[in-house]
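Single-structure report; data block below.
The values are calculated or read from the model by the stated rules, or taken from the named source; none is laboratory data. Computed from a predicted structure; not experimentally measured. Cβ: placed from backbone, ideal geometry, glycine included. Neighbour counts: every protein chain shown. Keep in mind that these areas ignore ligands, DNA and RNA; they rest on the heavy atoms of the full protein, side chains included. Shrake-Rupley method; radii C 1.70, N 1.55, O 1.52, S 1.80 Å.
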Amino acid sequence: MTSVYPYLPEMIASFGVAEKDIAKWAGATSSVFSLAQSLTAVPWGRASDTFGRKPVIMTGLLCTMTLFLIWGMSTSLTMAIIVRGLQGACNGNVGIIRTMVAEMVQDRELQPKAFSIMPLVWSIGSVFGPAFGGLFAKPAQQFPGLFGGSRFLMMFPFALPNIIAGVFFLISVTTAALFLKETLHSKRHSRDWGLVLGQRIKEAFRDHPLRRQQKLRRYSLQDAEASAPLLQADATTPRAPFEKPVRPTMSAVFTRQTVINLVAYTFLALHSVAFDQVLPVFLNYPVEDHHSPGNNTSPPFFFSGGFGLNSGRIGTIFTLYGITCGAIQFVLFPPLCARYGVLNCFRVCVLTFPIVYAALPFVVLVDDVALRYVALLVLLVIKAFAVIIGFPCSTILLTNSAASLSILGTLNGFATTFSALGRASGPALAGVAFSWGVKNNMIGAPWWILGLISAVGALPVWMIVEGDGPSVESSDSSDAEDAGGVERYEDAVVFDDDEDDEDDEHERENGVPDDAGASDGARLAQNNSKDTRSTGYGTIR
């Protein structure tokens, strides 16, 4: 998604939009994405509670991939805005992925590391996305020797980075289909043919004569006796059917603490995404000589100018910004949260944003070019520190404010909705403020407005009380069956590869030679096949 930012100002200009209005329409293009996302986030979340997390995520990826290809071939501002809105409407995966992480990791000590994965992946995307977005935009002009003869790229100068993005989306869909496991409790036991195929593919790469011999000798007399069924096949105990999960009520979703966390999260999304949207427009705006005769520069409020950078250099800056975010996420976030606590780290972050936003426009007043870029990079690093720690902290606090796992899908759907509303209004407001500032010689207008918004958004953070996390008691009606002693299917799942490793280690520990039991294993392999049942997840004994 970040691959759009470097070339968006040039793309808007290619539609015949005047330079003074580019920021306004760039903001509108981003706003319509977030607005459409806010309208569909809750339905996507409820769909994941009904049909499962995995199919909804794959559907979102396929739709986004298709629309990215169409976006790259936009020929008018109207077409670009419509396609961007459809991208947002088909993209509800953020909240669903957060729900999956919460369902997989319920230990509060492990949550900082678990919830830092998404921002880390976002940081990696922030490295490569702007890089190829800025590098491959207008390829016929940037690399005439390589792409100059392509009529397609001459007609659609912004198609190539979106084609590359489509390849990454295709890889994501394939990976999800073959290796992503369902986390919704009521769907975990359903047969997943994608996982079956993925397991076969892994076995095809791992399988060789030695491992086949190990599979034959892994059986022993003790294994056959232990795995023999207590009842005959025609007298098996019937399994209790899964009940349809009950949809959570709105009163269960919107408690006092969840509302406060949603407000804080919405403000964070509003100003941070607006910053990312207006920054490339600011960097693309022409440089102004503040000491030239007739210049009406009058600090601290009345001055103008930008950096005059093209999409390639803007992409480079965003790449460095993404690398910084990734380093902070990987190195600093887990130990900081472990030492000072999630809530304290979040409070420091929300106090940092107003300072960065208020100071950023003044970098254009620095006469020395090198010092101007140094000042810009310092402020971007500070902002990266605040945003890359603030978002996972907010996500952890929101998750821990939920009373039950059963409401997490809906709660994260509403979180995506409200944050999308913030991401819709933020860029639109910043774009209008930037255009107004250009006309009135006040280039700092959008930054100071964002600073004020971030200061207001910091107030609810001091009303947050860190919760104990959602309980699993009411996460699903089948949980009651588990508590009553019904054996869960996944506890009996054994993968062949895991068996091989465990048996090999057991043999080594007990001094059993490699060829021991080979004749017994060959004799028992056929008998044991009657005592096993194959599922989509492995072998159940």
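Here is how the numbers come out for the structure above:
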{"item": "Sequence of 21, 368 from largest to smallest accessible area, 1.4 Å probe", "result": "368, 21"}
{"item": "Virtual spin-label span in nm between residue 323 and residue 348, 7 Å along Cα→Cβ", "result": "2.5"}
{"item": "Ranked order, 156, 205 - accessible area, probe 1.4 Å, largest first", "result": "205, 156"}
{"item": "In Å², nearest 10: area of residue 155 left accessible to a 1.4 Å probe", "result": "130"}
{"item": "FRET E, pair residue 13, residue 374, Förster distance 45 Å, beta-carbon r, rounded to 0.05", "result": "0.95"}
{"item": "Within segment 158-181: backbone nitrogen closer than 15 Å to the residue 128 label point (7 Å, Cα to C-beta)", "result": "161-176"}
{"item": "Packing-based order for 194-200, 43-49, 385-391, using average beta carbon neighbours within 10 Å, highest first", "result": "385-391, 43-49, 194-200"}
{"item": "Sequence-distant residues sharing a close amide H with residue 404 (under 5 Å, placed H)", "result": "471"}
{"item": "Length released on extending from residue 51 to residue 362, taking residue separation times 0.36 nm less the Cα-Cα span", "result": "106.8 nm"}
{"item": "Estimated vicinal HN-Hα couplings, Hz - segment 160-170 in sequence order (Karplus 6.51, -1.76, 1.60; Gly, Pro = x)", "result": "4, x, 6, 5, 5, 4, x, 5, 5, 4, 5"}
{"item": "Added length on full extension, which subtracts the Cα-Cα distance from 0.36 nm per residue, residue 73 to residue 439", "result": "128.6 nm"}
{"item": "Exposure rank, largest accessible area first [289, 276; 1.4 Å]", "result": "289, 276"}
